[in-house]
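The following block contains the structure, expressed as C-alpha cells.
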Amino acid sequence: MPRFPEVAESSVGLSDAVFSKLVARARQNTERNGSGNLYALHVGDTYLDPYEGARAEAIRTIDHGRLHNYSPVQGEPVLLDAILAHVARRSGVTLDRELVQVVSGATAGIAVVVDALLSPGDELLLLAPFWPLVRGTTQRRGGRAIEVPFWDRLNVLTTVAQLEAHLESFVTPKTAAIYVNTPHNPTGSMLSAAHLDAIANVAERHGLWVIADEVYEELWFEEEPASAWTHPRLRPRAVVVHSVSKAYGLAGARVGFVHGPASAMQAIRGVQTFMTYCAPRPFQLAAARVLVEGRDWIATTRAHYRELAHRAADALSVPRPPGGTFLFVDTRGRRRDGESPLGFLERCVDQGVLLTPGTASGKDYEDWVRLCFTTLPPTELDEALAILRRILEDR
Ligand SMILES: Cc1ncc(COP(=O)(O)O)c(C=O)c1O
C-alpha cells in the first residue's frame, strides 16, 4: 500500500516520455549545434490544417449559445446525429443512439473502455506490434498487457486454425479482452476476414470482449476495407472506438466516440462521467461539421497521404503500406555491423531524424523503428527520407 511519498503501483513507470532518451539527445544536439534542423517523425500527426469549417476560428460564440459550457455527458446532439450518419455510411449499420458515447479523443476513450471492461489483475491481449499508448492504458487500470506477437507473423500463420492456436496460447482465466486495431498503427496493414474469423473464434470460446480501434478507418489507400467490428460474430462483443484526430487532422480537438453493446455502454457512460465528464464542446461542434461536410477534404487528404506513403516506402525500400500514417521498418541487416538498435536510433538523431523505437510498440520489436509520413510537409519529409536512406545504406 503506497504512502507518502510513494505513488500507486499502477502509475509507477508511466510517463509522457515514451521516447525520452532520443528526445533528450535531440535537444542536446540542437543546443550544441545551434538551430540545426530536426525532422521529428516519431509522433503520429499531420502538417495539414483541418477542413476550414472545422477549424477553431470557425466555431464562434455568436453562432452557438453557451459555447464554452459543458455539453451533455453523452455528447452534443448535433455530433450524435453526425456520428449515426457517419457509421451508417461507412459501415452500413444504424446504431442505437443511446449506445453511442462521445469521448475526449480515443486515448481517453480507450482508457474509459478499459476501466469499464477490466478489473485490476485482468489481462488484455495486445496484438503486437501495437499503438504505443495502449500498454500504459492497461497498466494504469492495474491490468496486465499481454503482448501477442502477431502482425509480423501473419505471413507464417496463414490459416485460421494456425492463427487461432497462436492467439489461444496467450489466453488465461484472467483474459478479459482482445485489442484489435485495423488499419493498423504502426504497420499500416489491415486484417482480413480470415484473421477476424480467428479472433472471433477465440473471443467466443473464452467469453472475451473485443476492443476495436477504428481511428484509421478513413486512411486506406487501395479499396475501402470493411469495418472489422461489423464481422457478424465480433459485433455482439465489440466495443468500438473512433476519433477525429487522424483522417480529419483534428488531433488537438480531443474528440472521439465509442459504441458497443448495451451492458458495456452503460458502464462506459458511467466511467466517462467521472473521467472528463464531457468532451470539449467547441470541438464537438467542429467534429460534427467535419463528419457532415468534410467528405471532399477527406478524399483529397487520403489521396495525398497515399502519395506520401508511397514516396516514403519507396525511399526506404520497404513495402508500401495499405493504410494508416506510419512505416514500421525492420533494421535487421540494415544497421552497421555490431550496431545496437539504440545505436542506430542515436545515429539517426545525430543526423537530424527522430524516430520511434520499435520497443514502444512491443518488447519483441527492438530491431524495428517507426516513422510517421504525414507529420511534415512533403519537402521536409523528402529531406528526412534522404537522410534516412543514406543512413540505411551507410553500413
Ligand atoms: C491506433 C491508435 N489508437 C488511438 C489513438 C489515439 O487517438 P486520439 O488522438 O483520438 O487520442 C492513436 C493515436 O495515435 C492511435 O494511433
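The values are calculated or read from the model by the stated rules, or taken from the named source; none is laboratory data. Every value quoted in this text rests on a predicted model; they were computed, and no experiment measured them. Note that we place each Cβ from the backbone using ideal geometry, even for glycine, and neighbour counts take in every protein chain shown. Side chains included, ligands, DNA and RNA excluded: accessible areas come from the protein's heavy atoms. Shrake-Rupley method; radii C 1.70, N 1.55, O 1.52, S 1.80 Å.
Matching residues to (1) within 16 Å of the ligand (Cβ to nearest atom); (2) more than 15 Å from Thr46 (Cβ to Cβ):
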| position | (1), (2) |
| --- | --- |
| Ile211 | yes, yes |
| Glu223 | no, yes |
| Val241 | yes, yes |
| Lys246 | yes, no |
| Gly249 | yes, no |
| Leu285 | no, yes |
| Ala299 | no, yes |
| Arg306 | no, no |
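Continuing with this model, one more query. Among the residues that make up the range 315-328, is at least one of them under 13 Å from Pro186 (Cβ atoms) and of a type in the set (Lys, Arg)?
Checked the range 315-328: no residue is under 13 Å from Pro186 (Cβ atoms) and of a type in the set (Lys, Arg).
When residues of the range 116-131 are filtered for being within 18 Å of Ala360 (Cα to Cα) and either assigned to a strand (DSSP E or B) or away from the ligand (no atom under 16 Å from the Cβ) (or both), how many remain?
5
With the requirement that a residue be β-branched (Val, Ile, Thr) and without any contact (Cβ under 8 Å) to a residue 60 or more places away in the chain, what does the range 70-106 give you?
Answer for the range 70-106, where residues must be β-branched (Val, Ile, Thr) and without any contact (Cβ under 8 Å) to a residue 60 or more places away in the chain: just Thr94.
Before we move on, is Gln284 within 19 Å of Glu218 (Cα to Cα), under 21 Å from the mean Cα position of the chain (by Cα) and buried (at least 17 other Cβ atoms within 10 Å of the Cβ)?
So Gln284 passes the test.
Within the range 224-233, is there a residue that is within 18 Å of Leu124 (Cα to Cα) and surrounded by fewer than 23 Cβ atoms within 10 Å (Cβ to Cβ)? Don't jump to the end; show me each part of the working.
Restricting attention to the range 224-233, the residues satisfying the condition of being within 18 Å of Leu124 (Cα to Cα) are 229.
Subset that is surrounded by fewer than 23 Cβ atoms within 10 Å (Cβ to Cβ): none.
No, because not a single residue in the range 224-233 is within 18 Å of Leu124 (Cα to Cα) and surrounded by fewer than 23 Cβ atoms within 10 Å (Cβ to Cβ).
Give the range 158-217 a look and list any residue that's open to solvent by 10 Å² or more (accessible area, probe 1.4 Å) and small (Gly, Ala, Ser), or say none.
Matches in the range 158-217: Ala161, Ala165, Ser169, Ala176, Ser189, Ser192, Ala193, Ala194, Gly207.
Output the number of residues of the range 129-143 satisfying the condition of being in contact with a helix residue (DSSP H, G or I) (Cβ under 7 Å, 6 or more places away or on another chain) and either surrounded by 20 or more Cβ atoms within 10 Å (Cβ to Cβ) or polar (S, T, N, Q) (or both).
Matching residues across the range 129-143 total 9.
Same structure, new question: From the set of residues in the range 225-239 that are touching a helix residue (DSSP H, G or I) at 6+ places or on another chain (Cβ under 8 Å) and assigned to a loop (DSSP other than H, G, I, E, B), which is farthest from the ligand (Cβ to nearest atom)?
So, considering only residues that are touching a helix residue (DSSP H, G or I) at 6+ places or on another chain (Cβ under 8 Å) and assigned to a loop (DSSP other than H, G, I, E, B), the one farthest from the ligand (Cβ to nearest atom) is Arg233.
Let me ask you something else. Restricting to the range 251-266, give me the number of residues that are away from the ligand (no atom under 11 Å from the Cβ) and either at pLDDT below 95 or surrounded by fewer than 16 Cβ atoms within 10 Å (Cβ to Cβ) (or both).
So the count comes out to 4.
Looking only at residues in the range 14-38 that are part of a loop (DSSP other than H, G, I, E, B) and open to solvent by 100 Å² or more (accessible area, probe 1.4 Å), which one is modelled with the highest pLDDT?
The selected residue is Asp16.
For the range 99-110, enumerate the residues that are within 11 Å of the ligand (Cβ to nearest atom) and part of a helix (DSSP H, G or I).
Gly105, Ala106, Thr107, Ala108, Gly109, Ile110
For the range 329-357, how many residues are out of contact with any helix residue (DSSP H, G or I) (no Cβ under 7 Å at 6 or more places or on another chain) and within 21 Å of Gly188 (Cα to Cα)?
Counting residues in the range 329-357 that are out of contact with any helix residue (DSSP H, G or I) (no Cβ under 7 Å at 6 or more places or on another chain) and within 21 Å of Gly188 (Cα to Cα) gives 3.
Could you check the range 305-345 and list, in sequence order, the residues that are part of a helix (DSSP H, G or I) and open to solvent by 50 Å² or more (accessible area, probe 1.4 Å)?
Scanning the range 305-345 gives Arg306, Glu307, Arg311, Asp314, Leu342.
Ser263 is checked against (1) more than 20 Å from the chain's Cα centre (by Cα); (2) free of Cβ contacts under 8 Å to residues at least 24 places away in the same chain; (3) over 22 Å from Ala108 (Cβ atoms) and fails just one. What number does that condition carry?
Failing condition for Ser263: (3).
Out of all the residues in the range 157-203, which are closer than 27 Å to Glu222 by Cα and among the hydroxyl-bearing types (Ser, Thr, Tyr)?
Answer for the range 157-203, where residues must be closer than 27 Å to Glu222 by Cα and among the hydroxyl-bearing types (Ser, Thr, Tyr): Thr158, Thr159, Tyr179, Thr182, Thr187, Ser189, Ser192.
Residues being open to solvent by less than 60 Å² (accessible area, probe 1.4 Å) and among the charged types (D, E, K, R): count how many of those fall in the range 56-88.
Selection size over the range 56-88: 1.
Given Val180, Val113, Val134, which one is in a strand (DSSP E or B), within 16 Å of the ligand (Cβ to nearest atom) and closer than 21 Å to His259 by Cβ?
Details: Val113 fails: in a strand (DSSP E or B); Val134 fails: in a strand (DSSP E or B).
Checking each option against the conditions leaves just Val180.
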